[in-house]
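Everything below concerns the one structure shown next.
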Amino acid sequence: MNSSVSSLRLWMSCLFAASVVAWLPAASLAAPSGPEIDVIPDSLVYGSTQIGSGTAGSFAVINLGFDELVVSAIAVTSGSDFSVDFGLTPVYCESSTPVIPGFDQEPDTDERRCLVRVRFTPSAVGISTGEVTISSNDADEPNFVVSLQGTGVPAPVAEIDVDPVYIDFMTVAVGSSVTREITVSNAGPDSLVP
């Protein structure tokens, strides 16, 4: 290939690239800005929890954007068996909690993430589902939804067992007494209380 053909192809490639750039919208060339919420993990699965007890799980709210993220509200928006634990310190999210950008650079810095703890307290046997919604100043995701799931299982109960279940005292003379022994045991997983 001679040098004049090579030069022509190079000139045409540069001309095409310049045309593409010229047609790009101005917004495409603007520097990225604004907060960008993300949650790790974006769902909580609690497994099996006994009715009458509770299990807690947590997720981290981080900011992958370029400006400060402000969490304005955290609420359970679905599922009556789930609740958010507020008033925890030092790195738990509350209303108006700021989260600065740069989680990837300094993940251990408190200001770069905050935690949300959600408790599962089953009221019935079976699978329960719910959602926690995190509201913030993220323009394209103002309400981030975290899915929740847990399974309620029966609470342990005591199971009395008596041996023998029938006692024959035979014939006992008036004024005399006969003693027999029985064994009371607990066949269940919970404590047996008299």
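Of all the criteria given as (1) open to solvent by 50 Å² or more (accessible area, probe 1.4 Å); (2) under 16 Å from the mean Cα position of the chain (by Cα), the one not satisfied by residue 122 is (1). Among the residues examined, residue 86 qualifies as open to solvent by 20 Å² or more (accessible area, probe 1.4 Å) and more than 30 Å from residue 157 (Cα to Cα).
Taken as a whole, the range 67-75 holds no residue that is crowded, with 18+ Cβ neighbours inside 10 Å and assigned to a loop (DSSP other than H, G, I, E, B).
Of the residues that sit in the range 157-175 and are in contact with a strand residue (DSSP E or B) (Cβ under 7 Å, 6 or more places away or on another chain) and open to solvent by less than 90 Å² (accessible area, probe 1.4 Å), which one is modelled with the lowest pLDDT? Across the range 157-175, the extreme among qualifying residues is 158.
Restricting to the range 37-66, name every residue that is in a loop (DSSP other than H, G, I, E, B) and surrounded by fewer than 19 Cβ atoms within 10 Å (Cβ to Cβ). Walk me through how you get there before you give the answer.
Quick first cut of the range 37-66, residues in a loop (DSSP other than H, G, I, E, B) only: 41-42, 51-54, 64-66.
The answer is 41, 42, 51, 52, 53, 54, 64, 66.
Screening the range 79-112 for residues that are assigned to a loop (DSSP other than H, G, I, E, B) and aliphatic (A, V, I, L, M) and picking the one that is modelled with the lowest pLDDT gives 91.
Conditions tested, residue by residue: (1) open to solvent by less than 40 Å² (accessible area, probe 1.4 Å); (2) at pLDDT 85 or above; (3) not in a strand (DSSP E or B).
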{"site": "118", "(1), (2), (3)": "yes, yes, no"}
{"site": "134", "(1), (2), (3)": "yes, yes, no"}
{"site": "145", "(1), (2), (3)": "no, yes, no"}
{"site": "149", "(1), (2), (3)": "no, yes, no"}
{"site": "155", "(1), (2), (3)": "no, no, yes"}
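Being touching a Cys at 6+ places or on another chain (Cβ under 9 Å) and either farther than 26 Å from residue 47 by Cβ or not charged (D, E, K, R) (or both): is that true of residue 182 here? Spelling it out, it is not the case that residue 182 is touching a Cys at 6+ places or on another chain (Cβ under 9 Å) and either farther than 26 Å from residue 47 by Cβ or not charged (D, E, K, R) (or both).
The values are calculated or read from the model by the stated rules, or taken from the named source; none is laboratory data. Quantities reported herein were computed from a predicted structural model and do not represent experimental measurements. Neighbour counts are summed over all protein chains in view; Cβ atoms, including those assigned to glycine, are modelled from backbone coordinates with ideal geometry. Surface accessibility is based on the protein's heavy atoms, side chains included, excluding ligands, DNA and RNA. Shrake-Rupley method; radii C 1.70, N 1.55, O 1.52, S 1.80 Å.
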